[in-house]
Amino acid sequence: MKVEILTPEKKVFEGDVDILTVPTRSGIISIMSNHSSLVSAIESGEIRAKMKNEEKVFECERGALETINNKTILLLRKCTEK
């Protein structure tokens, strides 16, 4: 699935991800390819993006995400790659 992680200052990440793990108000969720449509608030914490041979970890501050048509966009106050 395509993933974009955005802050007001910049695009932090863009790429194909197999599993995206995100801290939400309801708890930690994982989003995979062909996930049903979803809109959720994101809590501060770690976001993990797993690709075939790599995993990227980001430290984020609150925001929101939308998943639709095999694309997930995260809009965050702040986000840095660990």
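Derivation of every value follows stated rules applied to the coordinates shown; laboratory data play no part. Predicted, not measured: the structure shown is a model, and the values here were computed from it.
Values for this structure:
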{"read-out": "Residues whose placed amide H lies under 5 Å from that of V12, excluding near-sequence neighbours", "value": "I5, L6, T7"}
{"read-out": "Relative contact order for the chain, counting Cα pairs under 8 Å that sit 6 or more residues apart, in percent", "value": "32 percent"}
{"read-out": "Rg/Rg_ref, segment 3-82, where Rg_ref = 2.2 N^0.38 Å and atoms are Cα", "value": "0.96"}
{"read-out": "For segment 12-22, 3J(HN,Hα) per residue [Karplus equation, 6.51 cos²θ - 1.76 cosθ + 1.60, θ = phi - 60°, Hz, x = Gly/Pro]", "value": "7, 7, 8, x, 8, 10, 7, 9, 10, 10, 9"}
